Each structure stands twice: as structure tokens, then as C-alpha cells.
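Visitor: Have a look at the structure that comes next, please.
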Amino acid sequence: LAGGGLIPIAQVDASALGTPWVTFTSGIDSTYDMYKIFICDITPGASNGNLLMRVSNDAGSSWQTGSNYMYVIYGSYSTSGSSQTVDASDTSIKLTHSTGNSHHVDGDAVYEINIAKPSSTTSPKVFSWWGANMNNTQLTHYQGGGIFNGNTSAITGLQLFLSDSASLTGSFRLYGIAKS
């Protein structure tokens, strides 16, 4: 395959799980320098959850929960302008955010998450993402970047979950990007 092609690794139907989280605990290794997660038709079971992400260095046996995540999120809203959320020491990466206008995931949504060099053992792990969803009666669009800087160990697992512990529905797909 020529460089840049998407190689399917795993697909999770969150509806079948009945849990507030989706995990990828295999297939994230040194095979690819870049990985992508595509999320389609995500709908939380409650109406006020933020979509969050954590990493694992041991294929999901444990999740990094210390205050070692940094992120910046920019949100645009079809009826109320825009906002920015920044955190330099959170316990997870927040992919969406709530504000006074309740900008969070509460309707069908689509997201793309990029993971750079998860197998590197010399630098913090960098993520970028974008997504859109209907929030009550308005369109919400997010884009952001984040870092896990708790250690330089390889990332071998990812966990996506909602802040309010509601069950997720939707399709979550993990891909590797072929090296040239």
C-alpha cells in the first residue's frame, strides 16, 4: 500500500456494549506512526456529557488518571458564537466542553481523532481532533489539540467515555495510516 492509506484495525459498536466507555486495547503499536479514530452517530444516554479520552501504557489493564493531560478546545455554535477551553493539568483529555449554554454532546455527532506516534518512548503523546453535533437546537463544532505528558512510555490503549457516566451509542473505528 502506498503511504497514507487507512488500514482498518478495530471497530466497536458502542450500542452493543451498554457501558459509558469504549476502549481500544490492541492494535496500537509501532506498526504505524499515525492512528485515527472515527466516531459516527455517537449519542450519549443522557443529555449533559462531555466526551473524554484517556490513555493506557499496558493495553488497558490500567488507565492514566493523574493530572497529566493538557488540551485546548475551540467551539463554534450556530446560535451563540464561539468559546475556548484550556486546561494544563486535567485527568483526561476533554474533546467537547460545557459552558453556560450547555455546549456538550447531546445529539448525533461525528468526530475524528488523530494520534501521533503512540509507540514513541522519547516524547509526550500528541492528539488532535475535530467534531460536530447537534446540541438542543444548534449545530456545535469542536476542534482541539491535546497532550498526555505523564510519562514517555508507549501508548497501547485508548479509552473514550462520557463525563456523566451515561452509556454511549454509535460506531467507533480505529485505523492506522500506512507508512510510505
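The values are calculated or read from the model by the stated rules, or taken from the named source; none is laboratory data. None of the values given here were measured: they were computed from a predicted structure. Cβ atoms come from the backbone with ideal geometry, glycine included; neighbour counts cover every protein chain shown. SASA here: full protein model, heavy atoms, side chains in, ligands and nucleic acids out. Shrake-Rupley method; radii C 1.70, N 1.55, O 1.52, S 1.80 Å.
Visitor: For LYS94, LYS179, give the ranking by accessible area with the largest first, probe 1.4 Å.
Guide: LYS179, LYS94
Visitor: Given a 1.4 Å probe and heavy atoms of the protein chains only, how would you sort THR96, THR25, largest accessible area at the top?
Guide: THR25, THR96
Visitor: At 222 nm, what value in deg cm²/dmol follows for the chain if DSSP H runs of at least 4 each add -39500 (n - 2.57) and the sum is divided by all its residues, to the nearest 500?
Guide: The helix contribution divided over the chain gives -500 deg cm²/dmol.
Visitor: What is the set of long-range amide H partners of ALA59 at a cut-off below 5 Å, with H atoms built 1.01 Å from backbone N?
Guide: Excluding prolines and chain starts, which carry no amide H, the hits are THR156, GLY157.
Visitor: Run through all the Cα pairs of the stretch 42-92 and give the fraction in each 10 Å bin from 0, expressed as whole percent.
Guide: 19, 37, 34, 8, 1
Visitor: Next question. Which net charge results when you count Lys and Arg as +1 and Asp and Glu as -1 among the other residues whose beta-carbon is under 13 Å from that of ARG54?
Guide: 0
Visitor: Step through the residues of the stretch 60-68 one at a time and calculate ³J(HN,Hα) from phi using the Karplus curve (6.51 cos²θ - 1.76 cosθ + 1.60, θ = phi - 60°), rounding each to whole Hz and writing x for Gly and Pro.
Guide: Coupling constants for the stretch 60-68: x, 5, 8, 10, 6, 10, x, 7, 10 Hz.
Visitor: What ranking of LYS125, LYS117 comes out by heavy-atom accessible area, probe 1.4 Å, highest first?
Guide: LYS117, LYS125
Visitor: I'd like to compare 85-92, 32-39: which one has the highest average count of other Cβ atoms within 10 Å, and what's the full order after that?
Guide: 32-39, 85-92
Visitor: A further question on this structure: Could you give the accessible area per residue of the stretch 26-84, probe 1.4 Å, as a whole number in Å²?
Guide: 45
Visitor: Let me ask something else. Give the carbon-plus-sulfur fraction of the accessible surface of the chain in %, rounded to a whole number; probe 1.4 Å, heavy atoms of protein chains only.
Guide: About 50 percent, which is the carbon plus sulfur part of the accessible surface.
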